[in-house]
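Here, each number is a calculation from the coordinates, and none is a lab measurement. None of the values given here were measured: they were computed from a predicted structure. FYI the Cβ positions are ideal-geometry reconstructions off the backbone, even for glycines, and counts take in every protein chain you see.
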Amino acid sequence: MFLAPKVTVELLQIHSEFFTAFDSLGHGRWSHYSPLHWIPHCTVAMHIDAQQLSGLGSICLAADLPISGTLTEIGLVEFSPVRHLHSAPFTPNSDKCLT
């Protein structure tokens, strides 16, 4: 289950720049994260079984969509299990957000 943001040229450009900047560190990365295959999303739940599916459907139908928000921080995590590696304030149009 995931949330899908409004896809813009700017979002795709940021992802492409990020992917290029970290390309040399991509040991074992999944090909679906490459700029040609990436689908922007925010994972909410994984490995959902049949019993959980109906409850999640109810939650989705009750959600007040679209959800709006502001990206304020960008982070790097390792999973599974999840391990927080780094985070930094996100500043649009600034190369400092990736340092």
Take the chain, connect every pair of alpha-carbon atoms lying under 10 Å apart with a spring to form a Gaussian network, then pick out the residue of L71, L11, L85 with the largest mean-square fluctuation. L85
Tilt of helix 9-21 relative to the longest C-alpha principal axis of the chain, in degrees (0 to 90, nearest 10)? 60 degrees
Two pseudo-spin positions, 7 Å from Cα along C-beta at H86 and at T70, lie apart in nanometres by 2.5 nm
Volume of the Cα convex hull of the chain, divided per residue and given in Å³: 134 Å³
Taking θ = phi - 60°, what integer Hz values does the Karplus form 6.51 cos²θ - 1.76 cosθ + 1.60 yield along segment 43-59, in sequence order, with x for Gly and Pro? 5, 9, 8, 10, 6, 7, 8, 4, 5, 6, 4, 5, x, 5, x, 5, 4
Relative contact order of segment 1-98, pairs being alpha-carbon contacts under 8 Å that are 6 or more residues apart, as %: 22 percent
Near the amide H of I74, under 5 Å away, which other amide H atoms are found, from residues 5 or more places off or on another chain, if H is placed in the peptide plane? A88, F90
Using θ = phi - 60° and the Karplus curve 6.51 cos²θ - 1.76 cosθ + 1.60, what whole-Hz ³J(HN,Hα) does each residue of segment 37-42 get, with Gly and Pro shown as x? 10, 5, 10, x, 6, 10
Rounded if a/c is under 1.5, else prolate if a/b is larger than b/c, else oblate: which is segment 46-91, with a ≥ b ≥ c the root eigenvalues of its Cα gyration tensor? oblate
